[in-house]
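Working notes, structure below.
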Amino acid sequence: MDQIRVDQQNLQKKERYGIGELLKTIDLKRPTYYDERKRIINKNDKYADVKVVIKEIAEKGKWRGSYTYGYRRIMPLLEKAGYHMAEATLRRLMNELGVQPAMYNRRKNNHYSSYKGTVGKGG
């Protein structure tokens, strides 16, 4: 949408498409357009410094090449370093960084299965 507006800057005002017309054509609400535009302009990651600390803590907890520290172990260490945040935020950041622990996952390692193979005579 912004590209269309840039392309039309050289045209006279009467010949240009208005924002309303363009938004109707692509079926987008005006507030949504401006909200997305603002989000694109302000691409500051407010958790950039926290992500570095999380990554360092997770690296310390590596064992045999796998991450072992979950959010419950990382949370107090983060607070010691001076960062306080909600558990959900920490879990989301850990997921973004890819430092979720793979070990001790009961469902992954010891999954219950009632399958007993082929039962009866194979006639």
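Return yes when ARG16 is out of contact with any helix residue (DSSP H, G or I) (no Cβ under 9 Å at 6 or more places or on another chain) and not hydrophobic (A, V, I, L, M, F, W, C) and no when it is not. Considered against the rule, which asks whether it is out of contact with any helix residue (DSSP H, G or I) (no Cβ under 9 Å at 6 or more places or on another chain) and not hydrophobic (A, V, I, L, M, F, W, C), ARG16 comes out as no. Would you point out which residue out of ALA102, ALA58, ALA88 is without any contact (Cβ under 8 Å) to a residue 60 or more places away in the chain and part of a loop (DSSP other than H, G, I, E, B)? Exactly one of ALA102, ALA58, ALA88 is without any contact (Cβ under 8 Å) to a residue 60 or more places away in the chain and part of a loop (DSSP other than H, G, I, E, B), namely ALA102.
Please work out which residue is nearest to MET85 (Cα to Cα), limiting yourself to segment 25-35 and to residues that are free of Cβ contacts under 8 Å to residues at least 12 places away in the same chain and part of a helix (DSSP H, G or I). So the residue we want is ASP35.
Quick check on LYS38: is it modelled with pLDDT of 80 or more, more than 26 Å from GLY82 (Cα to Cα) and either assigned to a strand (DSSP E or B) or open to solvent by 100 Å² or more (accessible area, probe 1.4 Å) (or both)? So LYS38 fits the description; yes.
Considering segment 1-20, the residues that are outside any helix (DSSP H, G or I) and more than 18 Å from TYR33 (Cα to Cα) include one that is least open to solvent (accessible area, probe 1.4 Å), namely GLN8.
The values are calculated or read from the model by the stated rules, or taken from the named source; none is laboratory data. Because the structure is predicted, anything quoted here is derived from the model rather than measured. As a convention, Cβ positions derive from the backbone with ideal geometry for all residues, glycine included, and neighbour counts pool all protein chains shown. Heads up: the accessible areas ignore ligands, DNA and RNA and are worked out on the full protein's heavy atoms, side chains in. Shrake-Rupley method; radii C 1.70, N 1.55, O 1.52, S 1.80 Å.
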